[in-house]
1. Report ³J(HN,Hα) in whole Hz for each residue of the stretch 132-146, in order, from the Karplus equation J = 6.51 cos²θ - 1.76 cosθ + 1.60 where θ = phi - 60°; Gly and Pro get x.
2. Using the structure shown, select from K69/K212; K52/K98; K52/K95; K57/K293 the pairs with a Cα to Cα distance greater than 25 angstrom.
Amino acid sequence: MRRSRFIYLVSIILFGTAPLAAQDTSPEDEIIVIGQSEAEAVRDLAENITRKSRIDKPISRFQGPVCVKVSGMPMDMAAMVEERIRENVERVGAKVGKPDCAINALVAFVNDAPDLLTHLRAEEPWLFNDMLEHEFALLADEKDGVRAWHTQMLRDKDGREIPIQKIKLPRYGRDVFMRNLRSYDSSRRLIPISMELTGAVVLFDLARIENKTFRQLADYATLRILALSGSENVSAESQSIPSITTLFDDPGSTPSALSTFDEAYLTALYDAPYYAMSGSLQNATLRRYRSAKGQDLDR
């Protein structure tokens, strides 16, 4: 996501946005629901919330610092949410931007998230240039009053941009432009590319955030910023492991902050090698979850 355009996006979203009122930030005890094998439930949840990698592409994540901006609420409240997100980002192993960094993650509280999404698709198509049609359809079809998406870029295995080179095709009388990947990796098994998240947008619909604390909203935004999550596949009724992803599905059973699972999942994501595919996160998350719980869960 181009940085100058991202800053411009902030002004677009701020226009017509009503300020968010103060909310109760007192913590609540995390609710634990006992059901299927805990290890199986952890793997299933990791699979359900992970947006599948594109064909022959590793899983996407931020490689550079995450620089977050919160809009649509009073400055003191926005600063509190921003600080909470930065703390989360650092805790799970992602990089945090310095105070004067260029914004690449926007969290906005708006009057009508679905309507704003439609407006942005028409007026700011650069936000969706690398999004496939079925991916946009999933985004538009979300029912929970939140719209979250990313921009991303193909990089080499060291996180460097892959240059575009003009190649002459005399036989066909024309030139083509292709990315020229130069890799000195001797491995024949691993594709020397990585996928970098270059920007993230999370739009909260003001009409749907009643009875949710700032901490819950900040932690939910953290997960949606750091991961290409498919939270539409998760419901409180279908899984027994507490996760902040169910915040808009069943607030009564949602933890008051990032759960043990959520932190295990994000830590596994940002500790994975550059070539990791989406399917590898299931066992990686389970290992982190076991370590955090201090348990030897059923395999």
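1. 6, 4, 5, 5, 5, 4, 5, 4, 5, 8, 4, 9, 8, x, 10
2. Working: K69/K212 20 Å; K52/K98 31 Å; K52/K95 23 Å; K57/K293 32 Å.
Over 25 Å apart, Cα to Cα: K52/K98; K57/K293.
Read the figures in this text as sums done on the coordinates, not as results from a lab. Here the structure is a predicted model, which means the values were calculated and not measured.
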